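Have a look at the structure below before the remarks.
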Amino acid sequence: MLSQESLQQIDREIAKYPPDQKQSAVMSALRIAQVEMGWLAKETIEFVAGYLDMPAIAAYEVASFYNMYDLQPVGRHKITVCTNLPCALSGGVHAADYVKQKLGIDFNETTPDGKFTLKEGECMGACGDAPVMLVNNHHMCSWMTTEKIDQLLADLEDK
């Protein structure tokens, strides 16, 4: 189900733990699988669980608990906007509303062309940089004014 390269990456994560605790690599393995597959289908989670010799439900519990895992297809660019209190007080809600207006979608929706999915996120640990956004779970964007949001969306549109 996963490429040889992804399996090798998972094996490197497994090697960080005692041999009888392969399941400790579940978060990394799910991330690696999601990067390759784009999201975590039930079959993908079951495959990862089997590879780690753990019950599928245990892997699903991890995948469904953390919002960095996508259990449904998402657009090519997933934008997560922090709206927790510190960000909300510093413009996070306004930034989220602006992105919604620009993309014509709400939280948990994807643009018709499949380019963008918008998510509401929990605290990202960058309260002093608010409002913040996370692009594809890997790229943190800070102090997101409407001008910076316009630039971000234009940059992502070309990718």
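Which of the residues belonging to region 36-53 are open to solvent by 30 Å² or more (accessible area, probe 1.4 Å) and in contact (Cβ under 8 Å) with a residue 24 or more places away in the chain?
E36, M37, G38, W39, E43, F47, Y51, D53 - these are the residues of region 36-53 that are open to solvent by 30 Å² or more (accessible area, probe 1.4 Å) and in contact (Cβ under 8 Å) with a residue 24 or more places away in the chain.
Among the residues of region 99-108, which ones are in contact (Cβ under 8 Å) with a residue 12 or more places away in the chain and either in a strand (DSSP E or B) or more than 16 Å from Q72 (Cβ to Cβ) (or both)?
If the condition is that a residue be in contact (Cβ under 8 Å) with a residue 12 or more places away in the chain and either in a strand (DSSP E or B) or more than 16 Å from Q72 (Cβ to Cβ) (or both), then V99, K100, K102, L103 are the ones that fit.
If I ask for residues that are outside any strand (DSSP E or B) and without any contact (Cβ under 8 Å) to a residue 12 or more places away in the chain, which ones from region 129-143 would you list?
H138
Scan region 60-98 for residues that are outside any loop (DSSP other than H, G, I, E, B) and charged (D, E, K, R) and jot them down.
Across region 60-98, the qualifying residues are E61, K78, D97.
Just give me the residues in region 109-128 being of a type in the set (D, E, K, R), within 16 Å of V93 (Cβ to Cβ) and not in a loop (DSSP other than H, G, I, E, B), in sequence order.
Matches in region 109-128: K119, E120.
Tell me, yes or no, whether region 108-126 has at least one residue that is among the β-branched types (V, I, T), more than 29 Å from T44 (Cβ to Cβ) and either surrounded by fewer than 16 Cβ atoms within 10 Å (Cβ to Cβ) or modelled with pLDDT under 95 (or both).
Within region 108-126, not a single residue is among the β-branched types (V, I, T), more than 29 Å from T44 (Cβ to Cβ) and either surrounded by fewer than 16 Cβ atoms within 10 Å (Cβ to Cβ) or modelled with pLDDT under 95 (or both).
Take region 14-34 and flag every residue that is without any contact (Cβ under 8 Å) to a residue 12 or more places away in the chain, part of a helix (DSSP H, G or I) and either of a type in the set (G, A, S) or closer than 19 Å to L134 by Cβ (or both).
Result: S24, single match.
When you go through G92, G121, G114 one by one, which is the residue that is touching a residue at least 40 places away in the same chain (Cβ under 8 Å) and over 18 Å from E147 (Cα atoms)?
G121
Starting from region 56-73, take each residue that is modelled with pLDDT of 95 or more and list its partners that are of a type in the set (V, I, T) and not in a loop (DSSP other than H, G, I, E, B), counting only C-beta distances under 6 angstrom and pairs at least six apart or across chains.
A59/V26; A59/I45; A59/V48; Y60/I45; V62/V26; A63/I45
The values are calculated or read from the model by the stated rules, or taken from the named source; none is laboratory data. Values in this document were obtained by computation on a predicted structure and should not be read as measured data. Cβ atoms come from the backbone with ideal geometry, glycine included; neighbour counts cover every protein chain shown. In case anyone asks, the SASA skips ligands and DNA or RNA and just uses the protein heavy atoms, side chains included. Shrake-Rupley method; radii C 1.70, N 1.55, O 1.52, S 1.80 Å.
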